[in-house]
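Below: one structure, written as structure tokens.
What follows draws every value from the coordinates through simple rules; no lab data is involved. Model, not experiment: these values are computed from the prediction. Glycine also receives a Cβ, built like all others from the backbone with ideal geometry; neighbour counts cover every protein chain displayed.
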Protein chains: 2
Amino acid sequence: MSLSVNLASRLSEVSVKVKATLSALIPETMGPEQSLVNAMRYAVLGDGKFLRPLLVLESGGLFDVDGSRLLRVAAAIEVVHCYSLVHDDLPCMDDDDLRRGQPTVHKKFDEATAVLAGDALLSLAFEILSDAQTHFDPNVRIQLVSLLARIAGAKGMVGGQMMDMSGFQLGNDIAAISRMQRLKTGGLFGFAVESGAILGKASEKLHHNLNSFAHDFGLAFQIADDILDVVGNVETLGKAVGKDQSHGKATFVSVMGLEGAKAHLSYLCSQAKEHLHVFGARADILKALVDSVESRTI
Amino acid sequence: MSLSVNLASRLSEVSVKVKATLSALIPETMGPEQSLVNAMRYAVLGDGKFLRPLLVLESGGLFDVDGSRLLRVAAAIEVVHCYSLVHDDLPCMDDDDLRRGQPTVHKKFDEATAVLAGDALLSLAFEILSDAQTHFDPNVRIQLVSLLARIAGAKGMVGGQMMDMSGFQLGNDIAAISRMQRLKTGGLFGFAVESGAILGKASEKLHHNLNSFAHDFGLAFQIADDILDVVGNVETLGKAVGKDQSHGKATFVSVMGLEGAKAHLSYLCSQAKEHLHVFGARADILKALVDSVESRTI
């Protein structure tokens, strides 16, 4: 069986497990909070790719971390990812009506519910991570909380979104675009990989390898996304295409050109796999994931 | 010197210290995150009453907790309070233009910045609490994180705001209104008091006393607020008055009548002070705070 077949079946297995975990963590409810809870469930239980959960599970798997712990952390990270999508899609932000081919939360419910569901999801992530079921050692839990708080905040995802939104003059500066993307999306990829290493109490050397992998993978993922925004189509993506271009946003493609971006993507992907070499065949799924980013089939 | 004079000078001392702590935790910055950081500072450094920080400092003071630790927790709680105000004031929520006599964050900046500043503040609170400077014992820090996450989330502040917003039929049911207020505002008062007890490793009995105090104080505060909404004026409050009434919202006053609400306020205040009896003169400031809520001078 080829690696890409393995990846597809692994992703589908991960998505089933993580959805079940998320559904248990956000149980349906009657009463006054019902529409809030419905919006939270709608935001996290859609047809996401569950790439971040896959990264947690594969990274933790390298160190034989208990699966139920990994699933809780994977769920927490997916929750943070979805909170950021719900808020980024708001009319006052990116003003998107579609996400994964479905109405965005503020379209399906309303704006107030979308703001509140996002807020509740962010708190929920910290609730999950700080619970003793995630790890018996409070030192491990507080490390996860502290890292996530930094990655989510003003010097992380929110800061990146602000840079992206505010039309901050990125100009033709690859370094500035890379920094913005690292803040906005790279940090959470990094945390997903890092959390497996934290739970697995990885050595400093292996920590370093995984961090380097996550860095290259995150950038590669963003470049592939920029390329798809130009060459993709709305059916395969389930969201509006050509939006960055039409908004005049600086992207890797606008700065490097399509061929330049493809070359850079290829370079980052081979480097990302190089960092995984030390883990041998145990990292095969992660390597297949890199390949599918390079071929833009994910 | 009377207790109320002591309270006023203590509040002014607390506000200076907490503002200095907040200002250090959210330092001014240049570069692309500048407007985000400016909005965060604007949201937390205004002329708030700093009641929640006072509760942290006084509660922790009962157990001789180190002042610098208390200030960090006080700052984290004020940050969460301000995040909730920024989001609640948004046009899609309560649509308020004024807060503490000043333009609300989305008026002073814009809606996107207000959403993002709120998001960044919520993450910041968890970053502060999880940092080793808050307490050397990870067990203490994780307790604080876990409790705050629950109080802030869908079964806490966000759930309460959702109930308040969604026009959920509270009807004439005092129990339902009390529950909504406990979720929306009472939880954070409770956490402020509880955090002092956690940091001070209080006995179960004293924990219980403080929790009972916080419960009564929180409700009393809300009833006083409802009364002020009817009898206050815009100059003394720095925000719109009569808004709940004109929106037909169920409040303690609309259900109990003005005199009934005053009587209930008085009952809760005497009970709140009763719970503090065991602490003797060390709780004098807390008792004075209750008195000022009862006389609606705070």
Checklist outcome for this item: Rounded to the nearest whole number, the per residue volume of the convex hull around the C-alpha atoms of the range A:1-97 in Å³ is 113
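Please find the FRET efficiency linking A:LYS201 to A:ASP173, where r is the Cβ-Cβ separation and R0 is fixed at 35 Å, and quote it to the nearest 0.05.
Working: r = 39 Å, r/R0 = 1.11.
Working from the Cβ atoms, E equals 0.35.
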Item to check | Inter-site label distance for A:GLU13 and B:ASP97 at 7 Å from Cα along Cβ, in nm | outcome: 6.0
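For chain A, which semi-axes, largest first and in whole Å, follow from the square roots of 5 times the eigenvalues of its Cα gyration tensor? Please report the intermediate quantities before stating the final value.
On the way: eigenvalues 141, 134, 64 Å².
The equivalent ellipsoid of chain A has semi-axes of 27, 26, 18 Å.
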Checklist outcome for this item: Yeah, the range A:75-223 with a ≥ b ≥ c from its alpha-carbon gyration tensor (a/c under 1.5 is rounded, else prolate when a/b outruns b/c, oblate otherwise) is oblate
Checklist entry - If you place +1 on the Cβ of every Lys and Arg, -1 on the Cβ of every Asp and Glu, and leave all else neutral, what size is the dipole of the protein assembly as shown about its Cα centre, to the nearest 20 Debye? => result 920
Item to check | Inter-label distance, nm, simple model (7 Å from Cα along the C-beta direction), B:SER266/B:GLN34 | outcome: 5.7
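Where the convex hull is taken over the Cα atoms of the range A:37-158, what is its projected area averaged over directions, in nm²?
Numbers: hull surface 30.3 nm².
Computing the convex hull of the Cα atoms and averaging its projections yields 7.6 nm².
Mind checking the range A:1-100 for GluC sites (Glu not before Pro) that DSSP puts in a loop (not H, G, I, E or B) and that have at most 16 other Cβ atoms within 10 Å? It would help to have the intermediate numbers written out before the result.
On the way: sites: A:GLU13, A:GLU28, A:GLU33, A:GLU58, A:GLU78; in loops: A:GLU28, A:GLU33.
Sparse-neighbourhood loop GluC sites (Glu not before Pro): A:GLU28.
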Item to check | Student exercise, chain B dipole from Lys, Arg, Asp, Glu Cβ charges, in Debye to nearest 20 | outcome: 500
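Just the C-alpha atoms of the range A:181-230: what Rg/Rh do they give, with Rh taken as the Kirkwood radius? Mind showing how you got there, number by number?
Numbers: Rg = 12.2 Å, Rh = 11.3 Å.
When Rh is taken as the Kirkwood radius, the ratio is 1.08.
Can you give the relative contact order of the range A:70-135 as a percent, counting alpha carbon pairs under 8 Å and 6+ residues apart? Present the calculation step by step, with values, prior to reporting the outcome.
Values: 62 pairs, mean separation 29.3, N = 66.
Averaging sequence separation for qualifying contacts and normalising by length gives 44 percent for the range A:70-135.
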Checklist outcome for this item: Mean separation of Cα contacts under 8 Å (at least 6 apart) over the residue count of chain B, i.e. the relative contact order in percent, is 20
Item to check | Calculated log₁₀ intensity ratio I(q)/I(0) where the Debye formula runs over C-alpha points of the protein assembly as shown, q = 0.05, 0.08, 0.11, 0.12 Å⁻¹ | outcome: -0.22, -0.56, -1.03, -1.20
Item to check | Pairs of Cα atoms farther than 19 Å apart, the range B:44-96, % | outcome: 36
Checklist entry - Which distance in Å, rounded to a whole number, links the C-alpha centroids of the range B:48-92 and the range A:44-102? => result 31
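Calculate, in nm to one decimal, what B:ASP291 and B:LYS108 gain on full extension: separation in residues at 0.36 nm each, minus their alpha carbon distance.
Result for the pair: 62.4 nm of gain on full extension.
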Checklist entry - What FRET efficiency would be calculated for the residue pair B:LYS49, A:ALA20, taking the C-beta separation as r and a Förster radius of 56 Å, to the nearest 0.05? => result 0.80
Next on the checklist: Tell me the mean residue ellipticity at 222 nm calculated for chain B from its helices only (DSSP H runs of n ≥ 4, each -39500 (n - 2.57), averaged over every residue, nearest 500).
Outcome noted: -22500 deg cm²/dmol
